[in-house]
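One structure is given here, and the rest of the page talks about it.
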Amino acid sequence: MDSVLKPVVAQLEAYNRQDIEKFMVNFSQNCVVEDGEGKVLMVGRDAMYASYKKMFEASPDLHCKLTSRVVVGNYVLDEERVTGRNGNPEEGHVVAVYRIENEEIVHVRFLR
């Protein structure tokens, strides 16, 4: 598997299994997560771990369906449909822009 795609594919699979440990290993220690306007939502694995663990526990029916993927250099853009987040039955539409370095996700920007 291409080194750029490997962590993105693995984190999505772990996300859908709500496996926090296998999810987190795909992110760099200092990964930055931002919203679409560049507002920092989380910095670092510890903050991400706490946030995603809480969401996974509150979302037994959580599922992310990949609808399209584009790879440009060391960026992966995933268009996703998310259901069951925090018990919400509504489908969410998200584009996640991942920047990959050394086979780890170092930056994520969520467009909603």
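The values are calculated or read from the model by the stated rules, or taken from the named source; none is laboratory data. Quick caveat: nothing in here was measured; it's all calculated off a predicted structure. Note that we place each Cβ from the backbone using ideal geometry, even for glycine, and neighbour counts take in every protein chain shown. What goes into the accessible areas is simple: the full protein's heavy atoms, side chains included, and nothing from ligands, DNA or RNA. Shrake-Rupley method; radii C 1.70, N 1.55, O 1.52, S 1.80 Å.
The residue list V40, V72, V106, V97 contains one member that is out of contact with any Pro (no Cβ under 6 Å at 6 or more places or on another chain), open to solvent by 50 Å² or more (accessible area, probe 1.4 Å) and closer than 14 Å to V8 by Cβ, which is V72. Test F56 against the criterion of being at pLDDT 95 or above and either of a type in the set (K, R) or part of a helix (DSSP H, G or I) (or both), and give yes or no. Against the criterion (at pLDDT 95 or above and either of a type in the set (K, R) or part of a helix (DSSP H, G or I) (or both)), F56 qualifies.
Just one of the listed residues (L12, L41) is part of a helix (DSSP H, G or I), modelled with pLDDT of 95 or more, within 13 Å of the chain's Cα centre (by Cα) and aliphatic (A, V, I, L, M), namely L12. Would you please name the residue that is farthest from K6 (Cα to Cα), looking only at residues in the stretch 75-94 that are touching a Leu at 6+ places or on another chain (Cβ under 8 Å) and open to solvent by less than 60 Å² (accessible area, probe 1.4 Å)? Within the stretch 75-94, the match that is farthest from K6 (Cα to Cα) is G84. Of all residues in the stretch 74-87, those that are among the aromatic types (F, W, Y) have Cβ atoms under 8 Å from Cβ atoms of residues that are part of a strand (DSSP E or B), 6 or more apart or on another chain, in Y75/V97; Y75/Y98; Y75/R99; Y75/I100.
Counting the residues of the stretch 15-37 that are of a type in the set (A, V, I, L, M) and open to solvent by 50 Å² or more (accessible area, probe 1.4 Å) gives 1.
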